[in-house]
Amino acid sequence: MQTATDSVLDTGLRFGPAGSTGDPRESGPLRRTSLRQEIADVLSDDLVTGRLPAGTSLTVNETAQRFGVSATPVREALIQLAAHGLLQGGHHRGFQVCRFTWTDFAEIVESRRLLGVPLIGRVARTAPDEAMASLRTLGDRLDAARWNGDVSDVALLDRRYFGELGRWSGNGRLADVLAVLRVQSWMFIVPHLRDAPPTTSGWGRYRELADRVARRDAEGSMALMRDYTAAGRRIAQQFAGAG
């Protein structure tokens, strides 16, 4: 039976507190609150990659069995995801994965631009030097990625990359809002990208953004963030046939 911790370790895409190596095994026994968050994070990864497609039903008991934990942290995690607009329903009648329309996606992209552009400018001005090496490594991996009919790795790396940037923003609430919007945008676009040609690549300027942040180039970083959100919309228009 897969546990929440097993799934976290398998992905290799979790982060610990600022200053840690990111290995969840360093944090000691999980408190209930952190277990709830770990379950929510694993389920968010499943939403981002399409392993939980739109319309999928989730119950507290079945999800608790999957992770090998009690119902309480699972119920809390599902309620949290519902509050973030990723699930709908309630624990008495079960939850369903939300389905987003093109109109929803267009609003998500606009929100990410309005919130994310000024935030990346702040990150460029304030992020510590020690954050740059991991950002550059992630940027190189993302720029080299090809979808080949499965964008799961790209989606998870993109989530990790911008999660790192948000972590150094100095505004946890705003970073959390952007993290939810990022999940929602991937939930919309991933099903459409499965039919993309094998050589199709994504944005391709992640390393450039990391370099501009490292150089404290706030204006250049904000310009690239605008380009990123515009590129996401263009890719969705190309493969979703909308807009």
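The values are calculated or read from the model by the stated rules, or taken from the named source; none is laboratory data. Quick caveat: nothing in here was measured; it's all calculated off a predicted structure. Don't worry about glycine lacking a Cβ; one is built from the backbone with ideal geometry, like all the others, and counts go over all protein chains shown.
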Kindly indicate whether ALA106 is among the hydrophobic types (A, V, I, L, M, F, W, C), in contact with a Phe, Trp or Tyr (Cβ under 9 Å, 6 or more places away or on another chain), under 30 Å from GLU219 (Cβ atoms) and in the same structural domain as PRO191 (by TED's automatic domain parsing). no
With criteria (1) surrounded by 21 or more Cβ atoms within 10 Å (Cβ to Cβ); (2) farther than 16 Å from ARG233 by Cα, ASN171 comes up short on (1)
Does the stretch 30-45 include one or more residues that are surrounded by fewer than 21 Cβ atoms within 10 Å (Cβ to Cβ), part of a helix (DSSP H, G or I), of a type in the set (S, T, N, Q) and modelled with pLDDT of 95 or more? no
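Does ARG182 fit the bill of being touching a residue at least 24 places away in the same chain (Cβ under 8 Å), closer than 27 Å to THR56 by Cα and part of a helix (DSSP H, G or I)?
Spelling it out, ARG182 is indeed touching a residue at least 24 places away in the same chain (Cβ under 8 Å), closer than 27 Å to THR56 by Cα and part of a helix (DSSP H, G or I).
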Determine whether ARG216 is outside any helix (DSSP H, G or I) and either in contact with a strand residue (DSSP E or B) (Cβ under 9 Å, 6 or more places away or on another chain) or surrounded by fewer than 19 Cβ atoms within 10 Å (Cβ to Cβ) (or both). yes
In the list GLY121, GLY166, which residue meets the criterion of being free of Cβ contacts under 8 Å to residues at least 60 places away in the same chain, in contact with an Asp or Glu (Cβ under 9 Å, 6 or more places away or on another chain), part of a helix (DSSP H, G or I) and not polar (S, T, N, Q)? GLY166
Considering GLY149, GLY121, GLY172, GLY89, which residue is modelled with pLDDT of 95 or more and of a type in the set (Gly, Ala, Ser)? GLY121
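Kindly indicate the residue of the stretch 102-129 that is hydrophobic (A, V, I, L, M, F, W, C) and in contact with a Leu (Cβ under 7 Å, 6 or more places away or on another chain) and also surrounded by the most Cβ atoms within 10 Å (Cβ to Cβ) among those meeting that condition.
If we take residues in the stretch 102-129 being hydrophobic (A, V, I, L, M, F, W, C) and in contact with a Leu (Cβ under 7 Å, 6 or more places away or on another chain), then ILE120 is surrounded by the most Cβ atoms within 10 Å (Cβ to Cβ).
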Name the residue, out of ALA54, ALA82, that is farther than 27 Å from LEU138 by Cβ, crowded, with 18+ Cβ neighbours inside 10 Å and at pLDDT 95 or above. ALA82
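Only one residue in ARG216, ARG212, ARG173, ARG233 is more than 15 Å from VAL123 (Cα to Cα), in the same structural domain as GLU130 (by TED's automatic domain parsing) and not aliphatic (A, V, I, L, M), so which one is that? Break it down into steps so the answer makes sense when it comes.
Values: ARG216 fails: more than 15 Å from VAL123 (Cα to Cα); ARG212 fails: more than 15 Å from VAL123 (Cα to Cα); ARG173 fails: more than 15 Å from VAL123 (Cα to Cα).
Just one listed residue meets the conditions, ARG233.
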